[in-house]
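Chemist: Pasting a structure here, questions to come.
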Amino acid sequence: MPHLRKRVLLTAIHKAINWSPAVGLFGLRQVGKSTLVKSLVEEKSGLYKTFDSAAVLNQAERAPVEFCHTPHLLCLDESQKAPWIFPVIKQLIDEKRKPGRFLLTGSIRFTLKKDVREALTGRILLFELLPFTLSEAHQLPPANFLATVMATAQAKNPASALKLSFEKLASRQWRFQPTQIAKHFLLGGMPSVCFSRDTEQRQNWQTTYFETFLERDLPLVDSSLAKLNYRQGIALLRQLALQQGNPLDLTQLSQHALVSLNLVKKIVTALEALSLIDLIPAEASATNSSRKREVQWKDSGLWNYFMQIKPDHALLDSALLNLGISQELRAQNNSLTTHTEWLVYRTRNGGLIPWIFRGGQNTVALTLSLNEVPDAYETRMLTRYVNQHKHSVGIVLAPPRTSIQQLGERLWVLPFTSIFEKS
């Protein structure tokens with residue numbers, strides 16, 4: 001059962017509760033936030049209350065200080081529905097700064113609104129719960145490919161260390177078959193979808209999901225978005241699905257949804273705040289590089305609702321491969337103990353490095369090839385990038401049957417299945 005599967009983020013939240021007076025958990029609606037915090041509250045003998053309940057909302061509004069005052073951990077679910085509660089939490093924390101007082105969840109990033117941001121600054125540790133990874137879905141230890149490569153890049157002799165690491169990788173049995181990976185790419189990691197075997201049930205759930213998302217969730221971020229009708233919203237999301245892995249084009253979204261450019265800007269901001277998409281900043285280290293942010297959906301199953309890619313085409317579709325790899329690398333990046341930024345590098349003449357992860361001086365840059373033996377044309381940009389950045393490692397991710405190949409001192413070709421491995 002989905003609710004019995006342990007989430008990797010649970011360990012980090014445990015530590016945060018023991019250190020910080022408030023911990024916040026945000027993420028896509030129905031990604032599993034409530035299930036996770038309920039198990040935590042039960043373990044900590046705390047108190048769980050949800051603002052989905054009108055009675056709880058009324059109780060909190062009548063006497064907010066008394067409502068929040070408890071000697072045990074207080075979990076407030078769907079806290080974005082009661083923004084006036086955050087100043088009260090600030091007051092109580094300032095009066096008694098004790099670890100583990102509040103656990104807050106929300107479908108909207110808490111720092112979106114200025115008053116909430118000011119109330120929480122310095123008082124809360126924030127976490128994003130992402131959709132299930134392939135490892136989580138199968139209840140296996142999380143993949144740590146990115147962490148291993150980042151750590152190896154810091155070695156005194158990175159070329160030798162990388163060779164040893166990848167030789168060990170090649171000698172082991174893969175944890176997942178390509179068919180398992182393809183299925184995960186198609187279904188995504190939303191609990192109600194990825195664990196359901198009924199295709200019709202999954203599609204009905206997704207249809208209802210987007211109806212609620214457009215009619216209820218968007219106006220919670222910005223009340224002016226209530227005037228967006230369902231047909232316009234679906235048209236915009238369908239066009240945004242087509243922009244997956246490409247620079248954001250607001251004009252195109254405006255034309256397809258038949259709404260003003262100003263309203264489109266507000267919608268895109270809300271979609272990012274609601275964790276439906278990421279807008280990846282550009283690496284602008286060259287004069288001919290694009291400065292536009294790149295669209296990345298947070299869940300491939302929600303994205304595929306609009307694309308309708310079939311199972312037999314899953315590992316042949318470059319957009320789905322791009323998104324599936326992005327999901328796994330995002331999850332691994334979120335688990336790193338040091339801050340690592342995800343950037344994309346795109347030139348105006350078509351060159352692309354979709355995954356650049358930079359932590360301090362160290363950088364891992366990855367590209368995707370659909371050929372088992374990438375040619376010089378495919379690798380030229382990655383080669384140039386690695387040569388220009390001293391503390392970097394370049395990796396070409398290729399089809400599953402690809403043999404691990406060394407193209408240069410810090411440049412390798414690996415099957416994309418490698419990123420799902422545990423060292």
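Chemist: Confirm whether Val344 is buried (at least 21 other Cβ atoms within 10 Å of the Cβ), under 21 Å from Ser160 (Cα atoms) and either of a type in the set (Phe, Trp, Tyr) or at pLDDT 90 or above (or both). It would help to see each step written out before you state the result.
Modeler: Values: buried (at least 21 other Cβ atoms within 10 Å of the Cβ): yes; under 21 Å from Ser160 (Cα atoms): no; either of a type in the set (Phe, Trp, Tyr) or at pLDDT 90 or above (or both): yes.
Here the answer is no, as Val344 does not meet what is asked.
Chemist: A further question follows. Looking at the range 153-208 only, could you name the residues that are under 30 Å from Gln406 (Cβ atoms), outside any helix (DSSP H, G or I) and modelled with pLDDT of 90 or more? Step through it out loud before you land on a result.
Modeler: Here is the first cut: in the range 153-208, the ones under 30 Å from Gln406 (Cβ atoms) are 153-182, 184-185.
Filter once more, so that each one left must be outside any helix (DSSP H, G or I): 154-157, 172-177.
Within the range 153-208, Arg175, Phe176, Gln177 meet the criteria.
Chemist: State yes or no: is Lys38 touching a strand residue (DSSP E or B) at 6+ places or on another chain (Cβ under 7 Å), surrounded by fewer than 18 Cβ atoms within 10 Å (Cβ to Cβ) and basic (Lys, Arg)?
Modeler: Numbers: touching a strand residue (DSSP E or B) at 6+ places or on another chain (Cβ under 7 Å): yes; surrounded by fewer than 18 Cβ atoms within 10 Å (Cβ to Cβ): yes; basic (Lys, Arg): yes.
Yes; evaluated as a whole, the condition is true for this residue.
Chemist: Among what's in the range 269-292 and is assigned to a helix (DSSP H, G or I) and in contact with a helix residue (DSSP H, G or I) (Cβ under 7 Å, 6 or more places away or on another chain), pick the residue that is surrounded by the fewest Cβ atoms within 10 Å (Cβ to Cβ). Explain how you work it out, then say what you get.
Modeler: Going through the range 269-292, the residues assigned to a helix (DSSP H, G or I) turn out to be 269-273.
Within this subset, residues satisfying the condition of being in contact with a helix residue (DSSP H, G or I) (Cβ under 7 Å, 6 or more places away or on another chain) are 270, 273.
Details: Ala270: 21, Ala273: 23.
Ranking the qualifying residues of the range 269-292, first place goes to Ala270.
Chemist: A further question on this structure: Is one or more of the residues making up the range 120-139 among the small types (Gly, Ala, Ser), at pLDDT 80 or above and either surrounded by 15 or more Cβ atoms within 10 Å (Cβ to Cβ) or part of a loop (DSSP other than H, G, I, E, B) (or both)? If you could, list the steps in order and put the result at the bottom.
Modeler: Quick first cut of the range 120-139, residues among the small types (Gly, Ala, Ser) only: 122, 135, 137.
Applying the additional criterion that residues be at pLDDT 80 or above yields 135, 137.
Narrowing further to those that are either surrounded by 15 or more Cβ atoms within 10 Å (Cβ to Cβ) or part of a loop (DSSP other than H, G, I, E, B) (or both): 135, 137.
Yes; the residues of the range 120-139 include at least one that is among the small types (Gly, Ala, Ser), at pLDDT 80 or above and either surrounded by 15 or more Cβ atoms within 10 Å (Cβ to Cβ) or part of a loop (DSSP other than H, G, I, E, B) (or both).
Chemist: Before we move on, is Glu211 part of a helix (DSSP H, G or I), modelled with pLDDT under 95 and either out of contact with any strand residue (DSSP E or B) (no Cβ under 9 Å at 6 or more places or on another chain) or farther than 30 Å from Lys33 by Cα (or both)?
Modeler: Details: part of a helix (DSSP H, G or I): yes; modelled with pLDDT under 95: no; either out of contact with any strand residue (DSSP E or B) (no Cβ under 9 Å at 6 or more places or on another chain) or farther than 30 Å from Lys33 by Cα (or both): yes.
Answer is no for this residue.
Chemist: Within the range 293-316, which residues are in a loop (DSSP other than H, G, I, E, B), touching a residue at least 12 places away in the same chain (Cβ under 8 Å) and more than 18 Å from Ala137 (Cβ to Cβ)? Walk me through it before giving the result.
Modeler: Of the residues in the range 293-316, the ones in a loop (DSSP other than H, G, I, E, B) are 293, 298-299, 308-310.
When the remaining residues are screened for being touching a residue at least 12 places away in the same chain (Cβ under 8 Å), the result is 293, 298-299, 309.
Within the range 293-316, Arg293, Ile309 meet the criteria.
Chemist: Is it fair to say Asn371 is out of contact with any Pro (no Cβ under 7 Å at 6 or more places or on another chain), at pLDDT below 95 and in a loop (DSSP other than H, G, I, E, B)? Steps first, answer last, please.
Modeler: Numbers: out of contact with any Pro (no Cβ under 7 Å at 6 or more places or on another chain): yes; at pLDDT below 95: yes; in a loop (DSSP other than H, G, I, E, B): yes.
Against the criterion (out of contact with any Pro (no Cβ under 7 Å at 6 or more places or on another chain), at pLDDT below 95 and in a loop (DSSP other than H, G, I, E, B)), Asn371 qualifies.
Chemist: Which residue, of Ser39, Ser34, Ser45, Ser20, is within 26 Å of the chain's Cα centre (by Cα) and farther than 28 Å from Leu140 by Cβ? Can you show your working first?
Modeler: On the way: Ser39 fails: farther than 28 Å from Leu140 by Cβ; Ser34 fails: farther than 28 Å from Leu140 by Cβ; Ser45 fails: within 26 Å of the chain's Cα centre (by Cα).
Being within 26 Å of the chain's Cα centre (by Cα) and farther than 28 Å from Leu140 by Cβ holds for just one of Ser39, Ser34, Ser45, Ser20, which is Ser20.
Chemist: Now for a different question. Give me the residue from the range 317-330 that is in a helix (DSSP H, G or I) and of a type outside the set (A, V, I, L, M, F, W, C) and, out of that set, nearest to Lys183 (Cα to Cα). Full working, then the answer.
Modeler: Taking the range 317-330 first, the residues in a helix (DSSP H, G or I) are 318-330.
Remaining after also requiring of a type outside the set (A, V, I, L, M, F, W, C): 318, 322, 324, 326-328, 330.
Details: Ser318: 15, Asn322: 15, Gly324: 10, Ser326: 16, Gln327: 14, Glu328: 14, Arg330: 19 Å.
For the range 317-330, the residue satisfying everything is Gly324.
The values are calculated or read from the model by the stated rules, or taken from the named source; none is laboratory data. Treat the numbers as computed from the prediction; the structure is a model and nothing was measured. Note: ideal-geometry Cβ built from the backbone for every residue, glycine included; neighbour counts use all protein chains shown.
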